[in-house]
Structures are given as structure tokens and as C-alpha cells.
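Here's the structure we're looking at; comments come further down.
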Amino acid sequence: MARPAKYKNADDLIRHTTPYDGCFNWHESTMPTPVVSPFNPLAQTLGTNSVPRILFILCRHLPASTRLVRRCKSPLCVNPYHYTEAGNVLKQRTALALSGQDPHVLLPHQESTRHIKYPSDEVLDALRPVLPEHLAMLAVSANMAGFDGKKIEVKLPDPDVPVLVLKKREAPVSTEKPSEDEDIDDFFDLIERSLDQP
């Protein structure tokens with residue numbers, strides 16, 4: 001009998017994170033970026049095993065770009081509001097917002113492939129977060145980050161803590177022992193011969 005899937009919706013993914021300084025940090029990741037198994041039903045339904053992308057789809061909107069840009073400094077952060085689409089897509093969405101349209105709608109080039117890439121709205125709605133504490137955390141993140149994610153506060157280094165600390169180097173210890181039969185005249189002869197050579 002197959003083991004039940006650990007992550008079945010957005011709430012399961014968010015529950016597996018630790019909120020810290022606005023980030024939702026993924027637990028115990030051994031990968032450079034947070035991922036779930038490619039055989040997970042959630043990953044198979046949405047066509048990706050990237051946790052940030054899954055949460056972006058379920059908490060924000062269907063991304064038009066093939067990659068997402070992380071705006072915070074935490075490599076394990078999966079907060080969907082700490083990610084944006086690539087710059088060219090973001091410009092199109094900003095133009096929609098400035099013209100009074102909904103910037104989260106499908107872009108024209110998404111319309112023709114939406115039914116191929118993603119499940120129906122009913123399926124997506126069933127996977128979206130519903131727990132009040134998760135919705136509250138997402139609302140705060142959305143408000144803090146802004147549409148383009150540029151409002152995320154980047155902490156500046158503490159002026160009292162040195163950025164770079166130099167360690168004292170030990171003087172190199174020579175492992176070569178001079179031979180006792182060498183003479184100082186031989187040494188200077190060697191130097192003169194090396195200077196005479198072109």
C-alpha cells in the first residue's frame with residue numbers, strides 16, 4: 001500500500017516552513033533550492049517540483065515567465081511574495097496595473113497554452129491556502145513586499161560589527177636545509193651567472 005502524500009496543498013507546504021524575518025524558510029533542505037519529490041501529486045498536477053513556484057501559482061497567479069526571481073537573501077525562502085517573475089514579464093504586468101487593468105490576469109501569450117500547462121481553476125482553487133493563520137501571513141507579506149517585491153527590506157550590516165576580519169599569518173617555515181659544504185662565494189656566483197644570461 002502506497003504511503004499517503006506529505007504535501008497535498010499549499011497549507012501543507014507552508015506548514016513545513018519556519019517564518020523568520022518575513023521569509024518562509026523550508027525545513028531541512030539538502031538541495032540548493034527547496035523542492036518536493038517529482039512524484040508528489042501536487043508537483044505532478046502543477047508541472048513543477050519547485051516549492052517557490054508551486055506556492056507562487058497557488059497564492060498569487062499563474063506565472064508567465066519560466067523562471068522566478070528571488071528578492072530576499074534567504075536561499076531557503078519559499079514565500080511567494082519574495083519572488084517575482086522575470087523583468088520583461090514584470091514590466092508587462094506593471095503596464096497593465098498603470099492602465100487600470102488587473103496585473104494578475106493571463107498575459108496574451110499565456111492564453112493559448114494555459115489549458116496545456118495548468119489544471120482548471122476549480123482544481124487550483126482546491127489547492128490554495130485556506131488556514132486563517134497562513135492567509136494572514138501571506139497578506140502581511142504581500143503588503144510588505146509590494147507588487148514587484150522591491151519593498152522587501154534588505155538589512156544593512158551592523159556598523160559596530162566588522163565586515164572583514166584579517167587573521168595574522170604565520171611566518172612561513174622553510175623546510176629546506178642549506179648544505180654545509182656550500183660557500184657564500186658559490187651563492188654570489190650563481191646570482192651573477194643568472195644576471196648575465198639574456
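Bear in mind these aren't lab numbers, they're just calculated from the coordinates by the rules spelled out. Because the structure is predicted, anything quoted here is derived from the model rather than measured. Every residue, glycine as well, gets a Cβ built from its backbone with ideal geometry; the counts of neighbours run over all protein chains shown.
Remarks
- Based on the Kirkwood approach, the hydrodynamic radius assigned to region 36-88 is 11.4 Å, with every pair of different Cα atoms included.
- Sparse-neighbour loop sites [chymotrypsin sites (Phe, Trp or Tyr not before Pro); region 1-103; at most 15 other C-beta within 10 Å; DSSP]: Phe39
- Distance cut-off 17 Å, percentage of C-alpha pairs in region 42-135 lying past it: 54 percent
- Extension gain for Ser99-Arg67 works out to 9.0 nm (0.36 nm per residue, less the C-alpha to C-alpha distance).
- Globularity index of region 1-56, i.e. its alpha-carbon radius of gyration over 2.2 N^0.38 Å: 1.12
- If the segment from Thr18 to Ser194 were pulled out straight at 0.36 nm per residue, it would be longer than the present Cα-Cα gap by 56.7 nm.
- Which of Leu62, Leu190 has the fewest Cβ neighbours within 10 Å, and the rest in rising order: Leu190, Leu62
- Applying a threshold of 19 Å to the alpha-carbon distances of Lys91/Lys150; Lys91/Lys151; Lys117/Lys150; Lys73/Lys151 flags Lys117/Lys150 as lying beyond it.
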